[in-house]
Amino acid sequence: MDDYRTPSADALFTSVNGLEAELEHRFSTVLATRLANAVITIARHLHLVTAELRPSTEELHHVIDFLTDVGHHTDHKRQEWVLLADVLGVSALVEGLNNPRPQGATPNTVAGPFYRADAPELSLGADLSRDGKGERLHVSGQISNTLGHALPGAVIEVWHANAVGLYENQQPHRQPEFNLRGRFRADAKGQFSFLSVKPGGYFLPLDGPVGRLMQALDCPLERPAHIHFRVAAPAHETLTTHVFDRADAAIGRDAIFGVKPELLADFRAIRTPSGAQEHLLDLKLVLCPSGQPGSETMGGK
Ligand code: BEZ
Ligand code: FE
């Protein structure tokens with residue numbers, strides 16, 4: 001194989017190696033803990049990135065200023081660090097690594113910041129819309145497992161943004177509490193249904209350092225329209241997922257890498273006799289039995 005290293009790349013290689021050896025030596029006396037291993041691994045990767053990008057001192061200070069700004073935009077109401085992890089794909093990766101799903105199971109995704117665990121239990125067929133704003137959506141679905149068995153009594157939590165892409169807890173004074181949220185129990189055949197309004201896509205916050213960074217890269221923080229589900233059934237892995245509107249123009253550029261082919265769904269438009277536009281959505285959500293070995297062999301997800 002050709003030696004691809006130029007003399008300067010060679011020097012670089014040596015200096016990165018030297019630092020790595022020093023790093024290993026420095027930490028060789030600490031306990032072999034997961035924390036120590038994480039710090040060493042992160043430092044090693046930072047050295048490699050630094051060697052590859054060769055930032056000037058000024059550029060390093062820009063990076064530090066950016067990270068400082070991310071901290072300044074974080075408080076108990078807003079988490080700019082989580083947003084940074086989201087837009088870099090780290091949150092999606094952590095979710096996928098920790099919740100692998102075998103072939104045939106509905107993929108897991110992050111729950112996101114708008115989930116509320118206290119949504120009210122509603123009867124099947126109930127309307128999630130408490131303000132009646134938006135185009136009517138009829139949702140029906142089936143909960144089953146990877147063995148093809150229906151899961152009667154599965155608990156299905158649903159939450160989604162309104163027609164203009166805003167969640168109820170983003171607008172506590174403008175939307176009724178629990179608007180577009182609910183909890184259902186699947187019937188004896190594992191089936192469920194509810195009414196709602198068609199959700200709109202939305203942008204994640206653009207007014208902070210992460211939003212500004214992504215705009216500078218011409219990557220606006222768009223999320224295609226979706227509905228979130230969390231489905232729990234005894235002896236099965238709880239499924240947290242989103243179902244996306246396949247026709248949304250932003251479907252190929254979800255800011256947080258949540259879109260997967262299995263999560264695309266058709267919101268089928270219909271006209272009512274009075275001429276109003278409504279939408280039908282029919283879903284199959286497939287859970288994985290707990291501890292099923294297939295969940296460790298996830299291959300191409
Ligand atoms: C959401 O879909 O609600 C969401 C998920 C992750 C980050 C931001 C929003
Ligand atoms: Fe969402």
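Within segment 220-233, is even one residue small (G, A, S), part of a loop (DSSP other than H, G, I, E, B) and at pLDDT 95 or above? So far as segment 220-233 goes, yes, one or more of its residues are small (G, A, S), part of a loop (DSSP other than H, G, I, E, B) and at pLDDT 95 or above.
Is it fair to say A117 is under 26 Å from the mean Cα position of the chain (by Cα), of a type in the set (A, V, I, L, M) and exposed (fewer than 15 other Cβ atoms within 10 Å of the Cβ)?
Here the answer is yes, as A117 does meet what is asked.
Taking residues in segment 65-92 that are among the charged types (D, E, K, R), and partners anywhere that are assigned to a loop (DSSP other than H, G, I, E, B) and away from ligand 2 (no atom under 16 Å from the Cβ), the pairs with Cβ atoms closer than 7 Å and at least 6 places apart or on different chains are E80/H73; E80/T74; E80/G208. Evaluating K189 against the criteria (1) away from ligand 1 (no atom under 16 Å from the Cβ); (2) closer than 26 Å to E95 by Cα leaves one unmet condition, (2). Number of residues in segment 207-257 that are within 16 Å of ligand 1 (Cβ to nearest atom) and at positive phi: the value is 1.
Listed by first and then second residue, the pairs with beta-carbon distance under 6 Å, at least 6 apart or on different chains, first residue in segment 117-133 and in the same structural domain as Q191 (by TED's automatic domain parsing), second among the basic types (K, R), are A119/R181; A119/R183; E121/R183.
When H72 is tested against (1) at pLDDT 95 or above; (2) in the same structural domain as H242 (by TED's automatic domain parsing); (3) more than 16 Å from ligand 2 (Cβ to nearest atom), only condition (2) is not met.
Put simply, of A119, A126, A105 the only residue that is within 23 Å of K77 (Cβ to Cβ) and either of a type in the set (A, V, I, L, M, F, W, C) or within 16 Å of ligand 2 (Cβ to nearest atom) (or both) is A119.
The C-beta contact set for segment 148-161 (first residue free of Cβ contacts under 8 Å to residues at least 60 places away in the same chain and in the same structural domain as F194 (by TED's automatic domain parsing), second residue more than 16 Å from ligand 2 (Cβ to nearest atom) and outside any loop (DSSP other than H, G, I, E, B), distance under 8 angstrom, 6+ apart or interchain) comprises A150/Q142; A150/I143; A150/S144; A150/Q191.
All told, L151 falls short of being at pLDDT 95 or above, within 16 Å of ligand 1 (Cβ to nearest atom), buried (at least 16 other Cβ atoms within 10 Å of the Cβ) and not hydroxyl-bearing (S, T, Y). The residue that is farthest from D245 (Cα to Cα), among those in segment 184-219 that are touching a Ser or Thr at 6+ places or on another chain (Cβ under 7 Å) and of a type in the set (S, T, Y), is S193.
A quick yes/no check of all residues on (1) among the aliphatic types (A, V, I, L, M); (2) not in a loop (DSSP other than H, G, I, E, B):
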residue: V30; (1), (2): yes, no
residue: L35; (1), (2): yes, yes
residue: I42; (1), (2): yes, yes
residue: V49; (1), (2): yes, yes
residue: I64; (1), (2): yes, yes
residue: H76; (1), (2): no, no
residue: A105; (1), (2): yes, no
residue: S129; (1), (2): no, no
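The values are calculated or read from the model by the stated rules, or taken from the named source; none is laboratory data. Only a predicted model underlies this, so the values are computations on that prediction, with no experimental measurement involved. Note that we place each Cβ from the backbone using ideal geometry, even for glycine, and neighbour counts take in every protein chain shown.
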